[in-house]
Amino acid sequence: EPANGAIIGTSILRDPAVNGDFNRAEQVYGRSFSGILAYVLWGDLPSAVPEVAEAEKAGVALQLAWQPNQGLQAVQDNQYMHQFIQELSELSVPVFLRFGGEMNGDWTPWSGNPELYKEKFRLIASLVRQQAPNVAMVWAPNYVPEDNIDTFYPGDQWVDWVGINAYSDYYFRGDPNSDIHATTQNYQGA
């Protein structure tokens with residue numbers, strides 16, 4: 001974790017111009033990046049995600065968005081969770097683990113129950129602290145809706161970094177009148 005400043009990361013490895021090569025991203029975009037963002041659905045392991053190997057190869061930080069797309073009830077202290085955290089502990093790069101981001105929005109299968117969300121976040125944070133000192137826990141709500149963000153906060157002792165997700169729907173959709181949630185409705189497959 002940097003003493004100050006920012007980590008500029010990218011999720012562009014699937015851009016055909018980059019062709020899965022992180023080092024090529026600097027040439028394509030004219031700037032360097034110090035991290036890679038990857039998504040992992042619940043039930044999958046970090047070793048199955050190409051961006052994880054690419055972060056190690058490039059020696060840059062990895063932000064891993066762990067999506068409990070099967071709902072929070074599936075999040076259990078079990079073999080899968082321990083194997084997932086073990087794989088993270090074996091990485092040679094810093095890992096920012098973002099569990100269940102955008103939990104404050106109704107478009108995710110893990111929204112709607114702040115108490116259960118906090119319980120599961122704390123469970124993961126506890127195991128990460130015991131088994132993976134190279135991993136920082138990231139709590140990242142969406143910028144909307146604002147009125148319930150605080151209800152999902154697990155507490156300072158469980159959160160190392162706070163982030164916020166925001167999207168420019170005008171940019172992505174080319175329509176300034178589009179509904180913000182239209183781009184996230186298929187979130188389970190993200």
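Near GLN86, within a Cβ-to-Cβ distance under 15 Å, what is the net charge of the other residues, with Lys and Arg +1 and Asp and Glu -1?
Around GLN86, the charge tally is -3.
Give the long-range amide H neighbours of THR10: residues separated by 5 or more places, or on another chain, with amide H under 5 Å away, using H modelled in the peptide plane at 1.01 Å from N.
It is GLY35, ILE36, LEU37, by chain and number.
Using a 1.4 Å probe, what is the accessible area per residue for the stretch 91-164, in Å²?
The answer is 42 Å² per residue.
Please sort by residue number the chymotrypsin sites (Phe, Trp or Tyr not before Pro) in the stretch 112-170 whose DSSP state is loop and whose Cβ has at most 16 other Cβ atoms within 10 Å.
TYR143, TYR167
What distance in nm separates the two pseudo spin-label positions at GLU115 and ASP160, each 7 Å out from Cα along the beta-carbon direction?
Taking the simple label geometry, GLU115 and ASP160 are separated by 3.0 nm.
Probe radius 1.4 Å, ligands and nucleic acids ignored: give me the carbon and sulfur share of the accessible area of the stretch 85-165 as a rounded percent.
In the stretch 85-165, the share of accessible area belonging to carbon and sulfur is 50 percent.
Averaged per residue, what accessible area in Å² does the stretch 11-80 show with a 1.4 Å probe, protein chains only?
50
So if we plug the beta-carbon distance of GLN73 and ALA48 into 1/(1 + (r/R0)^6) with R0 = 25 Å, what FRET efficiency do we get, rounded to 0.05?
0.65
Each residue of the stretch 19-34 in turn: what ³J(HN,Hα) in whole Hz from Karplus with 6.51, -1.76, 1.60 and θ = phi - 60°, glycine and Pro shown as x?
6, x, 10, 4, 5, 6, 4, 4, 5, 5, 9, x, 8, 8, 10, 10
Arranged from highest to lowest average of other beta-carbon atoms within 10 Å per residue, in what order do the peptides 35-44, 83-92, 103-112 appear?
103-112, 35-44, 83-92
Compute the signed sum of charges (Lys and Arg +1, Asp and Glu -1) over the other residues within less than 14 Å, Cβ to Cβ, of PHE33.
So the surrounding residues net to -2.
Tally up the carbon and sulfur contribution to the accessible surface of the stretch 1-75 as a whole percent, 1.4 Å probe, everything protein left in place.
45
Given R₀ = 41 Å, FRET efficiency for GLU26-ASP150 by Cβ-Cβ distance, to 0.05?
My answer for the efficiency is 0.60.
Are there trypsin sites (Lys or Arg not before Pro) in the stretch 1-69 that DSSP puts in a loop and that have at most 16 other Cβ atoms within 10 Å, and which ones?
When the trypsin sites (Lys or Arg not before Pro) of the stretch 1-69 are filtered for loop state and at most 16 Cβ neighbours within 10 Å, ARG31 remain.
The values are calculated or read from the model by the stated rules, or taken from the named source; none is laboratory data. Keep in mind that what you see is a predicted model, and the values were worked out from it rather than measured. As a convention, Cβ positions derive from the backbone with ideal geometry for all residues, glycine included, and neighbour counts pool all protein chains shown. Side chains included, ligands, DNA and RNA excluded: accessible areas come from the protein's heavy atoms. Shrake-Rupley method; radii C 1.70, N 1.55, O 1.52, S 1.80 Å.
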